[in-house]
1. Measure out, as a whole number of angstrom, how far apart the alpha-carbon centroids of region A:242-297 and region B:233-282 sit.
2. Is region B:32-87 best put as rounded, prolate or oblate by its Cα gyration tensor, with a ≥ b ≥ c the root eigenvalues, rounded for a/c under 1.5, and otherwise prolate when a/b is larger than b/c, oblate when not?
3. Which percentage, to the nearest 5, of the DSSP beta bridges contained in the protein assembly as shown is antiparallel?
4. Averaged over its residues, how many other protein chain Cβ atoms are within 10 Å of peptide B:286-293's Cβ atoms?
5. Over the Cα atoms of chain A, compute the convex hull volume and normalise it per residue, giving Å³.
6. From other protein chains only, count the Cβ atoms within 10 Å of every residue's Cβ in A:261-267, then give the mean.
7. Per-residue ellipticity at 222 nm for chain B, helices alone: DSSP H runs ≥ 4 residues times -39500 (n - 2.57), over residue total, nearest 500 deg cm²/dmol?
8. Please report the spacing between the Cα centers of region A:18-97 and region B:329-391 in Å, no decimals.
């Protein structure tokens with residue numbers, strides 16, 4: 001994979017020109033994307049900027065995020081050829097930090113369930129996960145050092161786990177979702193994929209002008225609470241093994257590790273996540289579903305058909321549960337630095353018909369807390385499995401530092 | 001003015017056809033809008049729907065809200081001719097309730113300060129207020145029974161006060177802002193203008209499928225806390241008189257009325273509202289300001305120039321104040337049913353150069369609480385002055401019922 005930190009260092013020292021850095025990305029895309037299919041389109045004439053912390057860094061943008069320089073087609077027939085007038089604020093944040101927008105990455109239709117033809121770079125007969133399929137795959141295949149995705153259920157952390165790349169779903173609204181196709185305004189969160197946890201942190205720090213997000217060279221051993229999410233069902237053996245492995249190596253490296261039970265209200269929040277998501281989706285997709293029913297992607301359409309009966313009262317009750325669960329989770333997080341949990345039930349499922357199951361991700365999206373995927377082990381078939389490091393709302397720096405600690409411990 | 005409740009009643013009884021109801025609106029627009037200039041464009045061939053609670057009701061949509069059937073130009077040269085692909089969810093909610101989208105109403109450029117040429121229907125040499133200038137003016141002039149606006153500082157309540165129309169800025173996110181040009185995602189709120197408080201409530205109830213928002217025929221006398229907002233400076237004599245008048249007649253009608261002091265943290269929230277707004281605006285308008293500087297509306301551009309130095313640390317501190325102030329306000333609101341405060345410093349200023357001052361509105365936008373403007377008196381020059389009735393977050397039904405109580409008391 002292409003390390004952002006490494007590229008930054010070499011560009012800063014003069015060892016690598018920004019043009020050469022970009023050319024490296026262009027060659028990788030030319031060599032690999034015919035097979036992987038991570039890009040909807042890319043600009044093979046894109047040039048590097050000459051200033052900014054991300055100069056020479058090529059970034060892929062999930063195709064539900066508005067770009068003035070490329071169509072934004074949402075992975076959906078309804079938006080074929082759709083050309084936004086403006087760049088979304090997250091795209092402008094990248095440009096203003098010096099990055100080059102190299103292209104648009106594949107997304108499941110409207111970031112829901114209908115899959116893309118993108119292959120998992122680790123094993124071409126498996127899904128890369130979704131909905132940020134192209135962003136995870138492009139970074140995993142070493143085509144680009146940084147990519148943006150979005151998560152409403154598990155659409156950043158799950159593909160990151162399946163493709164074996166670090167990624168962050170930051171605290172809710174640390175990055176604005178303005179100009180990003182809305183699924184659920186309470187849940188939608190823009191996230192980043194990179195070659196390492198430190199790379200992801202550098203990208204996020206540059207985009208937000210928050211240098212405190214950069215992972216320090218020495219990270220103190222964190223107090224870790226392990227959460228098995230039994231309320232979400234049992235994981236596959238490879239998922240369970242990843243969680244045990246990460247906990248064990250972190251402890252060996254000096255972390256304090258103990259298992260934590262979640263309060264019942266938090267389990268209840270896990271259960272009502274779909275109520276929030278679907279009630280808001282019916283409004284977000286009102287035009288598409290109401291006026292373009294036949295052209296709707298079939299899996300998303302079916303999901304909306306099923307959840308048609310959702311009422312304001314059910315939604316209000318779910319939002320009340322959400323608020324109480326966030327408070328309860330904050331209390332739990334006062335006792336440890338971070339939580340450690342599953343990124344997915346296990347390795348990526350075979351085939352491309354399903355992008356996998358977000359059941360271990362959705363609670364944390366609803367809680368709005370920062371989640372970092374750390375690739376942990378490689379299961380049969382060369383398929384990676386990750387774990388998630390979680391901190392309290394707004395403690396993105398803590399989540400990144402602890403994830404980097406776990407990543408370093410695993411590398412030893 | 002055209003009363004939605006009255007139209008609904010006559011349509012339901014068969015006394016008025018939906019086509020005739022729409023024709024009434026078309027005639028009023030043809031007769032008046034050449035002078036008032038409330039519409040950017042309108043569809044003079046628009047037809048009524050035959051079903052839904054809002055059948056026969058013509059609605060004007062502020063031109064920062066996406067419509068598939070009309071361009072959406074944001075009152076700004078940068079978006080001239082811009083045609084969104086989809087209707088915003090609030091537009092779809094109106095259509096699904098049976099309403100007819102009759103046209104797009106004027107907005108100050110990007111819903112900021114640069115004024116429109118719209119005249120105040122009550123006195124043509126005064127501003128109708130902004131930023132939802134056209135929506136307030138079109139309802140005030142009796143052209144349409146319902147209009148949508150948006151508020152980030154005081155852009156619904158202020159023009160409603162200046163034009164003498166009831167309006168609601170609902171609880172934050174009761175109506176989604178998806179497909180609405182973003183100024184500040186923490187603040188932006190979609191609101192409604194109508195001929196009476198009950199009309200506004202009927203419109204909001206139909207859009208949200210929340211029948212509990214409809215004002216009951218008999219409203220219990222509320223406990224009212226009067227808030228002078230001394231932290232925002234002294235009002236004009238007409239503003240002060242409106243607040244005293246509304247409090248006095250409400251008390252005479254049976255309400256319990258007492259003056260309430262706001263906790264210091266709430267005054268502090270009033271002070272930091274601009275920090276939140278401008279920090280987010282720099283991201284929301286990053287593309288316009290960064291890549292179309294010369295074409296930016298001059299007043300908004302100047303405001304962004306001045307607030308360029310805002311830092312993430314200042315923003316985080318402001319958001320922390322916001323959270324504490326919301327909690328403190330909720331505690332205050334446990335002691336009364338609603339608050340009563342100023343909608344504006346006084347009557348609409350002369351001329352069209354300024355849309356007036358949102359200083360008595362912005363705190364409540366930041367608090368996310370429902371605000372209802374009730375026209376209270378008519379000052380010199382035939383210029384109306386309103387007051388604002390405020391309830392706790394999510395208590396929109398209570399705000400509407402109490403506002404209706406005050407409105408009825410004033411009518412006696």
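Computed from the coordinates by the stated procedures, all read-outs in this text should not be read as laboratory data. All figures in this text were calculated on a predicted structure; none of them were measured in a lab. Positions of Cβ are backbone-derived with ideal geometry, glycine not excepted, and every protein chain shown enters the neighbour counts.
1. First find each Cα centre; the distance between them is then 40 Å.
2. It is oblate, given that a/c is not under 1.5 and a/b is not larger than b/c.
3. Close to 65 percent.
4. Across the residues of B:286-293, the mean count of other-chain Cβ atoms within 10 Å is 5.
5. 123
6. Mean partner shielding for this stretch: 0.
7. The helix contribution divided over chain B gives -12000 deg cm²/dmol.
8. 46
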